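The block underneath contains the structure these notes are about, expressed in structure tokens.
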Amino acid sequence: QVQLVEAGGGLVQAGGSLRLSCAASGRTFSSYSMGWFRQAPGKEREFVAAASGTGIIKYYADSVKGRFTISRDNAKKTVYLLMNSLKPEDTAVYYCAAESGAIAAIPDAYDYWGQGTQVTVSS
């Protein structure tokens, strides 16, 4: 069982930055691929970024490529999402998720989810 707790959301102006964190419980954090997803009101949950267990392999959605960076610290059992050059369309609830298989970009592949953290970008 893995429990995930996100933090770091908030209100920021367009062009600003935020860093989200997701702390995990459990002994085998490094064996899980970790992903970040987001969901805006009235929209489906969408993939943002993912990292393999070692953190070497990373995937990004085209909409955030070059602006967002996913990283993980396995010693601290934490995954991060650094978000730069934020845009109003980045406004959403951001969720981290863990899956025991290979790195993936679809929500159904993930076994565990955090409660989400709100990110609001004002224009």
| task | Taking each pair of different alpha-carbon atoms in region 17-79 once, compute 1/r for the pair, average those values, and report the inverse of that mean as the Kirkwood hydrodynamic radius in Å to one decimal. | result | 12.5
| With each label point set 7 Å from Cα along the Cα-Cβ vector, what nm distance links Lys58 and Lys76? | 1.5
| Using the alpha-carbon centroid of each, what span in Å lies between region 67-105 and region 11-50? | 4
| query | Where a ≥ b ≥ c are the square roots of the eigenvalues of the C-alpha gyration tensor, would you call region 69-123 rounded, which needs a/c under 1.5, or, failing that, prolate if a/b is larger than b/c, or oblate? | reply | prolate
| Accessible surface of the chain, 1.4 Å probe, proportion on carbon and sulfur as whole % | 49
| note | Where a ≥ b ≥ c are root eigenvalues of the Cα gyration tensor, a/c under 1.5 meaning rounded, otherwise prolate if a/b exceeds b/c and oblate otherwise, the chain counts as prolate
| task | Net charge near Val12: determine it from the other residues with C-beta under 15 Å of the C-beta of Val12, scoring Lys and Arg +1 and Asp and Glu -1. | result | +2
| Accessible area per residue, 1.4 Å probe, Å², for the chain: what's the number? | 51
| message | From the protein chains alone at 1.4 Å, what is the descending order of accessible area for Leu81, Leu11, largest first? | response | Leu11, Leu81
| query | What's the local net charge at Ser25, with K and R +1, D and E -1, over the other residues with C-beta under 14 Å away? | reply | +1
| remark: Summed over the other residues with a beta carbon less than 15 angstrom from that of Val48, with K and R at +1 and D and E at -1, the charge totals +2
| said: Taking 0.36 nm per residue of sequence separation and subtracting the Cα-Cα distance, how much length would be gained by fully extending the chain between Glu89 and Leu11, in nm to one decimal? | reply: 26.8 nm
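The values are calculated or read from the model by the stated rules, or taken from the named source; none is laboratory data. This one's a predicted model, so the numbers in the text were calculated from it and none came from an experiment. Cβ coordinates were reconstructed from backbone atoms using ideal geometry, including for glycine residues, and neighbour counts include every protein chain displayed. Each accessible area value is taken on the protein alone, full model and side chains, heavy atoms only, with ligands, DNA and RNA left out. Shrake-Rupley method; radii C 1.70, N 1.55, O 1.52, S 1.80 Å.
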